Amino acid sequence: MQKVFRIFIRIWLILLAAIVCLPVLLALSGAFMQQWELQEYLAPVLGGTGEMAGWPLLPKAPTLQPLVELLIDSPQFFAMFWNSMKISLCIVAGQILFGTPAAWALAKFQFTGKKVVLMLYIVLMLMPFQVMMLPQYLVLQKIGVLDCQAAVILPGVFSTFPVFIMYRFFAGIPEAILDAARIDGAGNLQAFFSIGIPLGLPGMVSVGILGFLEAWNMIEQPMTYLKTKSLWPLSLFLPEIGLEEAGLGFAASIMMLLPSLFVFLSGQEYLEQGITAAALKE
């Protein structure tokens with residue numbers, strides 16, 4: 001019975017993986033299609049003709065033209081790519097720089113109102129961007145950073161989600177280790193750098209990976225706070241593409257996926273450790 005159950009689970013996971021990977025495979029196929037073939041397949045969807053749309057896994061006449069056009073004849077793509085890279089790396093660096101000490105303080109220090117502060121972090125973490133959009137807009141306008149990339153970076157840097165992830169991880173560090181360090185003469189700052197950071201590294205890497213993926217794919221924030229197109233990230237490149245440039249859009253989708261995939265695969269082991277620790281450790 002258990003063997004049959006394991007086989008069923010494996011089949012279910014394979015089907016689920018196929019469903020999840022199908023859009024990526026379709027985008028990969030579209031990146032090698034010629035424009036006439038893309039118009040043939042997409043016209044029923046984008047043209048509103050009411051006809052049934054079809055999509056093959058392999059193109060009829062494969063071509064590298066969309067990729068060549070994107071990588072050679074689209075300077076706007078590279079400008080937006082580096083904008084995305086700058087915004088994402090700044091957000092990740094800021095989250096680790098400011099979030100790590102805050103998480104350590106919440107996990108290891110006792111002070112009046114600690115539970116209230118932690119509850120406030122959780123409430124803010126659960127609020128969607130639409131709820132915080134107007135208050136953030138007013139604050140950013142007041143400090144004069146609207147239509148600057150700092151308007152996207154600053155709210156991301158001070159996000160509460162990284163603090164919550166690292167807090168749960170730091171809370172799992174045994175107090176006996178810290179007590180031993182204090183007996184040896186280590187102060188709070190030394191204990192943070194010599195014990196907290198080394199033992200909390202998986203949690204910090206998890207925050208970096210999740211923060212990069214979120215920042216790399218954000219759309220609403222730059223669309224709301226950035227009006228100058230030269231400052232836009234790569235996530236706003238695709239909405240500017242129409243049916244006549246569908247091949248370019250599919251190629252851009254694949255190229256946009258690669259950095260996220262590289263970051264995820266590079267830190268997958270740390271990500272699993274961090275998420276497990278945040279979920280299970282008290």
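The values are calculated or read from the model by the stated rules, or taken from the named source; none is laboratory data. The shown structure was predicted, so the numbers you read here are calculated from the model rather than taken from an experiment. We place every Cβ from the backbone using ideal geometry, glycine too, and count neighbours over all the protein chains shown. Side chains are part of the model used for accessible areas, which takes the heavy atoms of the whole protein and leaves out ligands, DNA and RNA. Shrake-Rupley method; radii C 1.70, N 1.55, O 1.52, S 1.80 Å.
Numerical summary
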| item | result |
| --- | --- |
| Charged-residue dipole, Cβ positions (Lys, Arg, Asp, Glu), the stretch 125-232 about Cα centre, Debye nearest 20 | 340 debye |
| Residue-normalised accessible area of the chain, expressed per residue, 1.4 Å probe, Å² | 58 Å² |
| Contour excess over end-to-end distance, with Cα ends at W12 and S194 and 0.36 nm allotted per residue | 61.0 nm |
| Potential lengthening between M223 and A171 on full extension [0.36 nm per residue; Cα-Cα distance subtracted] | 15.0 nm |
| Given (1) 22.1; (2) 21.1; (3) 19.4, the label whose value is Kirkwood radius over Cα pairs in Å derived from this model | (1) |
| Unit charges on C-beta of K, R, D, E only; dipole of the chain, Debye | 960 debye |
| FRET efficiency for M133 and V68, using Cβ-Cβ distance with R0 set to 25 Å, rounded to 0.05 | 0.05 |
| Highest average packing first - 91-97, 142-148, Cβ atoms within 10 Å | 91-97, 142-148 |
| Accessible surface ranking that places the most exposed of L124, L236 first, with a 1.4 angstrom probe | L124, L236 |
| Ranked by how many other beta carbons lie within 10 Å on average, peptides 129-139, 58-68 from highest | 58-68, 129-139 |
| With every protein chain in place, the chain: carbon and sulfur % of accessible area (1.4 Å) | 71 percent |
